[in-house]
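The values are calculated or read from the model by the stated rules, or taken from the named source; none is laboratory data. Note that this is a predicted model, so its numbers are computed, not measured. Cβ atoms come from the backbone with ideal geometry, glycine included; neighbour counts cover every protein chain shown.
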Amino acid sequence: MLTGLPPFYHQDNNTMYQRILSEDLRFPATLPPSAPCNGMLHAGSGNVAGNVIGRYAQDFVFQMMDRDPKTRLGHGVFGTENVKRHAFFQGIDWAKIYRQEYAPPFVPQVSSIFDLSNIDPEFRNEPIPESILLEDQVDIMAEAAEAERQAELELQAQLMAFPSPIKSPKPLASLRANNADLDATINAFRGFSFVSPYVDAADSD
């Protein structure tokens, strides 16, 4: 974003990959007119003379592009704090950023959320990768599933608001009283040996 091109850039991808793996990071002596290095846009970017990249900005990029993950800026438990405390961000109030209190230096003029006039035609005309199309489908399915889940929760809440037609289990004392009545009934007929002839006939069949 400082130069208008990513580090190690080359039009040939294989050459660019080789640069990433082996070459030293170099900064251009000047920037194209379309990508000015404005000190107001890059707080703490050092002494900006014309289009020359500031020394703080160069040091920040150098440390972020360190090939050794253990010494790269941002590594370790305090990695985030180390990034925030770099001289490139001198004067930045991170609490104000979290509260979204900074006014952006540039606000694109758009007619609607679908206005693509600020996007280069080179990217607007690219075919949409299938993975992104599938990702959109997954998002739609996830939204539908979440809506269905919310509807079920709302239905359950409505059902819980009405008394249940199912009788609640009887307390233990009531069960014991019923058992006592049953025992009394059995004792009342103790000693009787009468058996209905219909029962005997059914057994013989």
Q) Residues of the range 78-116 being modelled with pLDDT under 90 and among the aromatic types (Phe, Trp, Tyr), which ones? A) 106, 114
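When you check residue 76 against the structure, is it loosely packed, with under 10 Cβ neighbours inside 10 Å and either in contact with a His (Cβ under 8 Å, 6 or more places away or on another chain) or not in a helix (DSSP H, G or I) (or both), yes or no? Explain how you work it out, then say what you get.
On the way: loosely packed, with under 10 Cβ neighbours inside 10 Å: no; either in contact with a His (Cβ under 8 Å, 6 or more places away or on another chain) or not in a helix (DSSP H, G or I) (or both): yes.
Taking the combined requirement at face value, the residue does not satisfy it.
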Q) Of the residues in the range 93-116, how many are among the small types (Gly, Ala, Ser) and surrounded by 10 or more Cβ atoms within 10 Å (Cβ to Cβ)? A) 0
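Within the range 50-83, can you find the residues that are among the hydroxyl-bearing types (Ser, Thr, Tyr) and more than 23 Å from residue 17 (Cβ to Cβ)?
Within the range 50-83, the subset among the hydroxyl-bearing types (Ser, Thr, Tyr) is 56, 71, 80.
56, 80, listed by residue number.
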